[in-house]
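All remarks here apply to the structure that follows.
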Amino acid sequence: MNRWRFRRLSSRNLLYLGAALLVLQAAFPFFWMVSTSLKPPAEVFVQPPSFIPHETTWDNFHRLFTATHFLTYFRNSVKVSGLAVLLTMVVSTAGAYSLTRYQYRGREKIAGLILCTYMFAPIMIVIPFFILAKKLGIENTHFVLVLAFTSFCLPFTLWLMRAFFKTIPVQLEEAALVDGAGRIRAVIYVVMPLALPGIIATSIFTFILAWNDYIFTRILITSDELKTLPVGVQDLFHSALIDWGLIMAAGMMITIPALLFFVTVQRYLIRGWGAGAVKG
């Protein structure tokens with residue numbers, strides 16, 4: 001009995017050790033980025049490198065906000081990512097509801113075809129998308145970026161929302177309709193609360209993809225005042241001697257909003273799972 005308990009404790013400790021090593025491996029680049037952003041330029045290139053700064057400085061962040069157009073890029077990223085999430089969720093929710101609640105010919109084939117379009121890499125569709133935007137006269141605008149992000153995210157988000165809608169019993173909606181609620185009211189008050197985990201999960205996916213996109217912005221946007229963070233920060237690599245302190249400070253400012261967004265919506269995601277479990 002004691003031997004069995006010892007083996008069980010040993011297996012558990014090994015599992016915890018492996019998990020800790022994986023967390024350390026994943027978190028080390030972020031910690032190194034934080035450390036480098038707080039180092040003065042002379043300490044960044046010192047050999048051997050030090051993980052903890054000997055002299056902490058906020059000069060890298062000061063130069064980032066005053067000597068570059070970082071704040072402009074930040075506002076552009078927030079604007080474009082937010083609009084892309086909003087448009088993607090409206091279209092994918094409506095499309096997923098149609099694919100799960102209405103019967104029409106070729107419904108399953110349409111759903112499969114939508115998912116197949118997600119197989120194409122962004123580099124394969126960005127050039128045709130640019131040509132189309134050029135003909136429509138909407139190139140070099142935030143509007144075309146929002147459309148590009150929505151077009152790329154929509155197949156996956158629609159399929160994911162379809163899977164969530166399929167888990168919601170149709171009888172709940174039918175009961176609301178029998179009680180006198182209209183279709184729109186039944187969707188808002190019955191279906192949408194139960195689909196909240198799917199809505200938040202797809203919102204996270206869309207936001208992170210739009211926030212970190214480089215290819216679409218690089219090709220579709222030419223004006224410096226319209227660039228988003230990934231392209232704007234990439235343009236900081238413009239000399240033979242790269243200012244790594246400035247680059248790491250910019251990397252921190254790119255990572256923190258996405259991290260805060262996920263932490264903020266995570267509790268709503270868990271709350272939505274709980275609501276679905278109770279109401280389902």
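Some points to look at:
- Conditions (1) within 23 Å of the chain's Cα centre (by Cα); (2) under 22 Å from residue 202 (Cα atoms); (3) hydrophobic (A, V, I, L, M, F, W, C): number failed by residue 99: (1)
- Residues that are outside any helix (DSSP H, G or I), within 24 Å of residue 264 (Cα to Cα) and in contact (Cβ under 8 Å) with a residue 24 or more places away in the chain are absent from the stretch 151-170 altogether.
- Options 128, 53; residue that is surrounded by 16 or more Cβ atoms within 10 Å (Cβ to Cβ) and free of Cβ contacts under 8 Å to residues at least 24 places away in the same chain: 53
- Under the condition of being within 19 Å of residue 242 (Cβ to Cβ), assigned to a loop (DSSP other than H, G, I, E, B) and modelled with pLDDT of 80 or more, the residues counted in the stretch 1-58 number 5.
- The lone exception for residue 140 - which of (1) over 20 Å from the mean Cα position of the chain (by Cα); (2) surrounded by fewer than 13 Cβ atoms within 10 Å (Cβ to Cβ) it fails: (2)
- For the criterion of being modelled with pLDDT under 85 and of a type in the set (Ser, Thr, Tyr), residue 223 fails.
- Candidate set from the stretch 178-225 (those that are touching a Cys at 6+ places or on another chain (Cβ under 8 Å) and among the hydrophobic types (A, V, I, L, M, F, W, C)); member that is nearest to residue 142 (Cα to Cα): 210
- Filter result for residue 16 (under 29 Å from residue 200 (Cβ atoms) and not acidic (Asp, Glu)): no
- Once the stretch 20-45 is narrowed to residues that are more than 27 Å from residue 231 (Cβ to Cβ) and surrounded by 11 or more Cβ atoms within 10 Å (Cβ to Cβ), the residue that is nearest to the chain's Cα centre (by Cα) is 40.
- Residue match in the stretch 253-270 (condition: in contact with a Gly (Cβ under 6 Å, 6 or more places away or on another chain), modelled with pLDDT under 85, part of a helix (DSSP H, G or I) and not polar (S, T, N, Q)): no
- Which listed residue is surrounded by 15 or more Cβ atoms within 10 Å (Cβ to Cβ) and assigned to a loop (DSSP other than H, G, I, E, B), from 209, 236, 246: 236
- Screening the stretch 212-233 for residues that are in a helix (DSSP H, G or I) and among the hydrophobic types (A, V, I, L, M, F, W, C) and picking the one that is nearest to residue 73 (Cα to Cα) gives 229.
- Selection from the stretch 179-192 of residues that are over 15 Å from residue 163 (Cα atoms) and either at pLDDT 80 or above or surrounded by 14 or more Cβ atoms within 10 Å (Cβ to Cβ) (or both): 181, 184, 185, 186, 187, 188, 189, 190
The values are calculated or read from the model by the stated rules, or taken from the named source; none is laboratory data. As the structure is a computational prediction, the values presented were derived from the model and not from experiment. Cβ: placed from backbone, ideal geometry, glycine included. Neighbour counts: every protein chain shown.
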